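Participant: Starting off with a structure, shown below.
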Amino acid sequence: STISKDSLKASLLQLECHFTWTLLEKHVSLEALEETILDHIKFVTEYKIRDYNTLSYVCHLKNSDEEALRHLKKAEEVIQKCHPDEIARKSLVTWGNYAWIYYHMQRYEEAQTYVSKVENSCKELSSTSHGKIQLPEIYAEQGWALLRFGRNYFERAKNCFENALKSEPDNPDVNAGYALAMYRLEDCAEKYGEEVRPCLEALQRAVQLNPNDTTIMGLLALELQRLKRVNEGERYIEEGLQKTPDFPVFLRYAANFYRKKGKVDKAVEILQKALVLTPNAVVLHHQLGLCYRTKALQLKNTRYTPQEEVENLFQLAIFHFKIVIDKKPVFFCAHCDLANTYALAKRYEEAEEVFQGVLQRNDIPCDDKQVIYFNYGNFQHFHMKSESKAIKYYIEGLKMEKDSYGRKKCSKAVEILLKEKIRRGLRATDIGTLGFVHNLNGKKQEAIQCYQKAIALEPNNEEYLNALAELQLSI
């Protein structure tokens, strides 16, 4: 029997699995993601099914479908061992992935077999469904997969966990996922200057439901630290270090906590221990880079420090940041970390090269790009001593309209710089540029006043006359 490819595709699109959850390759570095999941499988026993499922999808994206099948086989083995009484219910996502991978391998018979397995199981599990079924564990598995694909997916992940919580409000795993999604959203909101939705309650509830989940315990500690409840937070860190002294994910949160507390040496010690356990974890290299840079700056500002000691620390920071952008090019702020560290080490050509490399990419989200313009403007201003270039790049960040943290930073920096220049000596260009900045920020009255002052100094300047006329018309 020949299977119609079109009807097969239609059935495949009805399945709930990684292939239908719009997880896009452009938002991740596949190598780094694969290593993250493999590390997780090594250190966390209870969630292997979903890790193997996501891993199979990542392998498919890397064009290794045979390997993808091997991971699905491992997921099946875990299901048979751990859930012998609920094989169908626990296998829906795995079978869906099988169907898609066989479809991509043009093995349509096998694909159809798995589609049928899912459809029949769904009929047995629920009288109303046709291959689509609203099970809390499927929502949860989708939520965990979304979290793995980065910040473009955190909002959707939160919604998945919320859906799962409707039918299983006390499920520890679902509460952990929900708390993690809320924490990540708050973290991003803080970084990018958006509205912060507190996640403390979600974290507290998740820790209460599963006191052995030190991942959530570490995040709760960091959240308490952010809320200036440092001692309370540190108690959780100490408890976590007792419970899971060799769990790299927790060690990373503990190190982050101590770095923010100013105990940089302790943070480095913990990170090095974690790095022995998971040598390829990008996040650990990034954290180590931040620690060494902090140490270098602390030493640089104390008297009688041997210069080579400072240089050595900068060199260590650079070494780790380079690993990060090498393994995970989409980790955009790490490019700035590397460039800024070169600049602090007075290696200006290398700093310039890193900035140029990242400024020329066209796959960078707007708010990240604005942060990069802000950093590059600072580099021009404070290291290269070029006020004109600094102004130019701060304004590039302002021209991108997204109202973000990076844009606010650009706006503030360029206003301070222009006002400082105007204070030193009135020049029409500086006043005109300030008018342009006010206009970009929607402050039309201030813009009009600046253009009027600029015209008083240069009565025939076409640019200012036109800008003024346009502004007056628009009010």
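The values are calculated or read from the model by the stated rules, or taken from the named source; none is laboratory data. Model, not experiment: these values are computed from the prediction. A quick note on method: Cβ atoms are made from the backbone with ideal geometry, for glycine too, and the neighbour counts reach across all protein chains shown. Surface accessibility is based on the protein's heavy atoms, side chains included, excluding ligands, DNA and RNA. Shrake-Rupley method; radii C 1.70, N 1.55, O 1.52, S 1.80 Å.
Participant: If I take R0 = 41 Å and measure r between the Cβ atoms of S386 and F319 in this structure, what FRET efficiency does the formula 1/(1 + (r/R0)^6) give, to the nearest 0.05?
Facilitator: The pair S386/F319 has a calculated efficiency of 0.90.
Participant: If the cut-off is a Cα-Cα distance under 24 Å, which lysines reach K26, setting aside same-chain residues fewer than 8 apart in sequence?
Facilitator: Qualifying lysines at Cα under 24 Å: K9, K62, K158, K191, K322, K327, K328, K369, K402.
Participant: Diagonalise the Cα gyration tensor of segment 280-364 and give the resulting equivalent ellipsoid semi-axes, square root of 5 times each eigenvalue, largest first, whole Å.
Facilitator: Ellipsoid semi-axes (Å, largest first): 24, 15, 8.
Participant: On the principal axes of its Cα set, how long, how wide and how thick is segment 191-331? Give whole Å, largest value first.
Facilitator: Extents along the principal axes: 51, 35, 32 Å.
Participant: Moving on to the next point. What accessible surface, in Å², does a 1.4 Å probe find on L457, ignoring ligands, DNA and RNA and rounding to the nearest 10?
Facilitator: 90
Participant: So, for the chain, what is the accessible surface per residue at a probe of 1.4 Å, expressed in square angstrom?
Facilitator: 49
Participant: Same structure again: In angstroms, what radius of gyration and Dmax does segment 371-475 have, counting Cα atoms only?
Facilitator: Radius of gyration, then largest Cα-Cα span, for segment 371-475: 13.7, 41 Å.
Participant: Now for a different question. What's the FRET efficiency of E420 with N212 using the Cβ-Cβ distance as r and R₀ = 51 Å, to the nearest 0.05?
Facilitator: Rounded to the nearest 0.05, the efficiency is 0.35.
Participant: So for the chain, averaging the separation of alpha carbon pairs under 8 Å that are six or more residues apart and normalising by length, what relative contact order in percent results?
Facilitator: 8
Participant: Here's something else I'd like to know. Using alpha carbon centroids, what distance separates segment 135-174 and segment 255-324, in Å?
Facilitator: After rounding, the separation between the Cα centres reads 34 Å.
Participant: Please determine, in degrees from 0 to 90 and to the nearest 10, the orientation of helix 5-14 with respect to the longest principal axis defined by the Cα atoms of the chain, where the helix direction is its Cα long axis.
Facilitator: Long axis of 5-14 versus the principal axis of the chain: about 70 degrees.
Participant: Would you kindly give the portion of the calculated P(r) for segment 205-244 that falls above 13 Å, as a percent of all Cα pairs?
Facilitator: More than 13 Å apart: 44 percent of the Cα pairs in segment 205-244.
Participant: So if we plug the beta-carbon distance of K42 and Q242 into 1/(1 + (r/R0)^6) with R0 = 35 Å, what FRET efficiency do we get, rounded to 0.05?
Facilitator: Plugging the Cβ-Cβ distance into 1/(1 + (r/R0)^6) gives 0.95.
Participant: Viscosity 1.567 mPa s, temperature 4 °C: give me the Stokes-Einstein translational D for segment 352-422 in µm²/s, with Rh taken as the Kirkwood radius over C-alpha pairs.
Facilitator: After rounding, the answer is 109 µm²/s.
Participant: Hey, what do the phi angles of segment 294-310 turn into as Karplus ³J(HN,Hα) couplings, whole Hz, using 6.51/-1.76/1.60 and θ = phi - 60°, x for Gly and Pro?
Facilitator: With the stated coefficients, segment 294-310 comes to 4, 4, 4, 5, 5, 5, 4, 9, 9, 6, 6, 7, x, 4, 5, 5, 5 Hz.
Participant: So what is the diffusion coefficient of segment 2-83 in µm² per second by Stokes-Einstein at 4 °C and 1.567 mPa s, using a Kirkwood Rh over Cα pairs?
Facilitator: Rounded, D is 93 µm²/s.
Participant: What is the helix-to-structure angle for 462-474, meaning the angle in degrees between its Cα long axis and the longest Cα principal axis of the chain, kept from 0 to 90 and rounded to the nearest 10?
Facilitator: 60
Participant: With Cα extents along the principal axes in Å defined as stated, name the option among (i) 98, 64, 40; (ii) 95, 81, 60; (iii) 83, 60, 39 computed from the structure displayed.
Facilitator: Entry (iii).
Participant: While we're on this one: Determine the shape class of segment 301-444: with a ≥ b ≥ c the square roots of the Cα gyration tensor eigenvalues, call it rounded for a/c under 1.5, and otherwise prolate if a/b is greater than b/c, oblate otherwise.
Facilitator: Oblate.
Participant: Right, another one. Size of the dipole of the chain about the Cα centre, Lys and Arg at +1 and Asp and Glu at -1 on the beta carbon, nothing else charged, in debye to 20?
Facilitator: 1340
Participant: Got a number for carbon plus sulfur as a percent of segment 280-364's accessible area, 1.4 Å probe?
Facilitator: 51
Participant: Give me the extension gain from Q298 to H27: residue separation times 0.36 nm, minus the current Cα-Cα distance, reported in nm with one decimal.
Facilitator: 94.0 nm
Participant: Whole-Hz ³J(HN,Hα) for each residue in segment 444-455, computed from phi via Karplus 6.51 cos²θ - 1.76 cosθ + 1.60 with θ = phi - 60°, x for glycine and proline: what do you get?
Facilitator: For segment 444-455, the Karplus curve yields 5, 4, 4, 5, 4, 4, 5, 5, 5, 5, 5, 5 Hz.
Participant: In terms of solvent-accessible area of protein heavy atoms at a 1.4 angstrom probe, what is the ranking of M182, M105, highest value first?
Facilitator: Order by accessible area, largest first: M105, M182.
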